[in-house]
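Colleague: One structure coming up, written as structure tokens, with questions to follow.
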Amino acid sequence: MDTVSVFRKSSFYITDASICDTSGNLLFYTNGLIIENKNFDTLLNSNDFNLRQKSPRFFYDFGAPTCQGAVIIPYPDSDSKYYIIYVSAEYLVANNTFEAQPLYLSYSVIDMELDAGNGGIIEDLKIFTWLMIH
């Protein structure tokens, strides 16, 4: 088995999600703060897709601080669209420790037919948010 390594300025801290096509080829992935396509480049229309993320600047270098903070699922009846569902967190002190608490549940729709097959967030479906009740 071959090992593939790609150096990127984006990092993964706790949140990570990716999806492949039916042949196992990478389509796109996220660390909860950025989404990158199969070419390891920023996905079209994905800049600042998680605008409600309230964590310190530290996490913008390493990714969102929420366990299972993003999931990607196929869009019903479509071979080219996907939902990306993610949470945004507030970094706070609880029980005398720093914790990231999820506050918002959001989703966007990604269409792999955009950007010459590299994919992108459908602009009208970029950010839909609900306040999470604790």
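The values are calculated or read from the model by the stated rules, or taken from the named source; none is laboratory data. None of these values were measured; they are calculated from a predicted model. Note: ideal-geometry Cβ built from the backbone for every residue, glycine included; neighbour counts use all protein chains shown. When the accessible area is computed, the model is the full protein with side chains, heavy atoms only, and any ligands, DNA or RNA have been set aside. Shrake-Rupley method; radii C 1.70, N 1.55, O 1.52, S 1.80 Å.
Colleague: Select from the stretch 13-25 the residues that are open to solvent by 30 Å² or more (accessible area, probe 1.4 Å) and within 20 Å of Q68 (Cβ to Cβ) and list them in ascending order. Full working, then the answer.
Modeller: Filtering the stretch 13-25 down to residues open to solvent by 30 Å² or more (accessible area, probe 1.4 Å) leaves 13-14, 16, 18, 20-25.
Y13, I14, D16, S18, C20, listed by residue number.
Colleague: Still on this model: Scan the stretch 78-96 and report the pairs whose first residue is free of Cβ contacts under 8 Å to residues at least 60 places away in the same chain and over 20 Å from I14 (Cβ atoms) and whose second residue is crowded, with 18+ Cβ neighbours inside 10 Å and of a type in the set (D, E), with Cβ atoms within less than 9 Å and a gap of 6+ or a chain change.
Modeller: From the stretch 78-96, the pairs are S78/D111; S80/D111; K81/D111.
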